[in-house]
Amino acid sequence: MPIPRVAIVAFDHFSPFHCSVPCLIFGDILPGQPLFELRLCAGDGKASSHSTQGFSIQAPHGLETLAEADIIVIPFWRDPAERPAQPLLDALMAAHARGAQVVGLCLGTYVLAYAGLLNGRKASTHWEYEQDFLRRFPCVRLDTNALYVDDEGLVTSAGTAAGLDCCLYLVRQHHGSAIANQVARRLVIPPHREGGQAQFIQQPVSASTRDARMNQLLDHLRAHLPEPHTLDSLAAHSLMSRRTFTRRFHQATGLSVGEWLLIERLRRCQELLEASTHPIERIAELVGFKTATSLRQHFRARFEVSPSEWRRSFRGSRE
């Protein structure tokens, strides 16, 4: 069986990390065991591309190489607002039409979207660019949690290090799990990570609002998270009717009281998992969940990992 041919497309203002990931994984990662035939292509039509950090890449091949590649990787894109050159977009469309896999790592997803390849399909990109991407490409079904997505040969990944997960997935797809595990060991990374982007996204709860009275209440709630709170008790604390309180709280935070408390309790739970050695049962008490089971259910629903997995990921060798 012939070795899959991989074309990596380089541009000016490239990201050194994003470009090095596919070059490393699809290059000679296992000595004496070639897995892919790698070629570096000039996406801008120039043989030499430069990064903003002073690195340079020599790309000896042009876009004609994409017509022969089995896998085409766009490792990054320099500016989400910039439409890539039409010859590149045409080459990507033609490659996918003949059956090649087209891969967009991180903001490289934008290039596939500009080509129209992702219309009506699922895709992933860096969570910080979610709203920008959806505004520019409303026809794409963006998965804001997945580390990578494969929709009929159109493979896209979340931000930065998720490119490693995505490239390992392609190794596994073409050469099987045993080889992918060997590659992962050589890179000193797990062959498969639990969870998705949700565990890295900062929670959208502001520390304060424009409503001074509500700010005082939020401070009170943060200081008394373990206690049970009801609309009636909080309305009485705020010297408002239940109806007025409910309306004012939503106007100030954009959330219901229950939603705000859940997010704030989970945020505090994250902090305790990272900074303390308390067992899960004790953390549940400290943040206001009635049981450890309830904490685990809400935590996994929000972050796609268990509290224990979160602790292992973010405490590392300190455990």
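The values are calculated or read from the model by the stated rules, or taken from the named source; none is laboratory data. Note that the coordinates shown come from a computational prediction; the quantities given were computed from them, not determined experimentally. Neighbour counts run over all protein chains shown; Cβ positions are idealised from the backbone, glycine included. Protein only, heavy atoms only, side chains kept; ligands, DNA and RNA dropped before computing areas. Shrake-Rupley method; radii C 1.70, N 1.55, O 1.52, S 1.80 Å.
Observations
- Restricting Ala292, Ala236 to residues that are on the phi < 0 side of the Ramachandran plot, open to solvent by 60 Å² or more (accessible area, probe 1.4 Å) and out of contact with any strand residue (DSSP E or B) (no Cβ under 6 Å at 6 or more places or on another chain) narrows the list to Ala236.
- Some residue of the stretch 261-276 being over 20 Å from Gln216 (Cβ atoms) and either part of a loop (DSSP other than H, G, I, E, B) or among the small types (Gly, Ala, Ser) (or both): yes
- Taken together, Pro80, Pro84 contain a single residue that is outside any helix (DSSP H, G or I), over 16 Å from Ala158 (Cα atoms) and of a type outside the set (A, V, I, L, M), which is Pro84.
Let's see how each residue does on (1) farther than 21 Å from Val305 by Cα; (2) out of contact with any Cys (no Cβ under 7 Å at 6 or more places or on another chain); (3) open to solvent by 20 Å² or more (accessible area, probe 1.4 Å):
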{"residue": "Phe76", "(1), (2), (3)": "yes, no, yes"}
{"residue": "Ala95", "(1), (2), (3)": "yes, yes, no"}
{"residue": "Ala100", "(1), (2), (3)": "yes, yes, no"}
{"residue": "Tyr110", "(1), (2), (3)": "yes, yes, no"}
{"residue": "Arg141", "(1), (2), (3)": "yes, yes, yes"}
{"residue": "Val155", "(1), (2), (3)": "yes, no, no"}
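- Criterion (modelled with pLDDT under 90, more than 27 Å from Ala146 (Cβ to Cβ) and in contact with a Leu (Cβ under 9 Å, 6 or more places away or on another chain)) met by exactly one of Thr246, Thr253: Thr253
- Looking across the stretch 58-77, the residues that are under 20 Å from Ser48 (Cβ atoms) and either part of a strand (DSSP E or B) or without any contact (Cβ under 8 Å) to a residue 12 or more places away in the chain (or both) come down to Gln58, His61, Glu64, Val73, Ile74.
- Residue within the stretch 156-178 that is in a strand (DSSP E or B) and modelled with pLDDT under 95 present: yes
- Scanning the stretch 78-93 for residues that are surrounded by fewer than 14 Cβ atoms within 10 Å (Cβ to Cβ) and among the aliphatic types (A, V, I, L, M) returns a single hit, Ala81.
- There is at least one residue in the stretch 240-256 that is under 29 Å from Pro307 (Cα atoms), open to solvent by less than 60 Å² (accessible area, probe 1.4 Å) and without any contact (Cβ under 8 Å) to a residue 24 or more places away in the chain.
- Within the stretch 143-153, the set of residues being within 25 Å of Ala94 (Cβ to Cβ) and open to solvent by 40 Å² or more (accessible area, probe 1.4 Å) comprises Tyr148, Asp150, Glu152.
- Looking at Ala162, Ala184, Ala123, just one residue is open to solvent by less than 30 Å² (accessible area, probe 1.4 Å) and under 24 Å from Ile3 (Cβ atoms), and that residue is Ala184.
- Test: residue in the stretch 259-269 that is touching a Pro at 6+ places or on another chain (Cβ under 6 Å) and open to solvent by less than 20 Å² (accessible area, probe 1.4 Å): no
- Tyr129 being aromatic (Phe, Trp, Tyr), closer than 20 Å to Asp70 by Cα, assigned to a helix (DSSP H, G or I) and open to solvent by 20 Å² or more (accessible area, probe 1.4 Å): no
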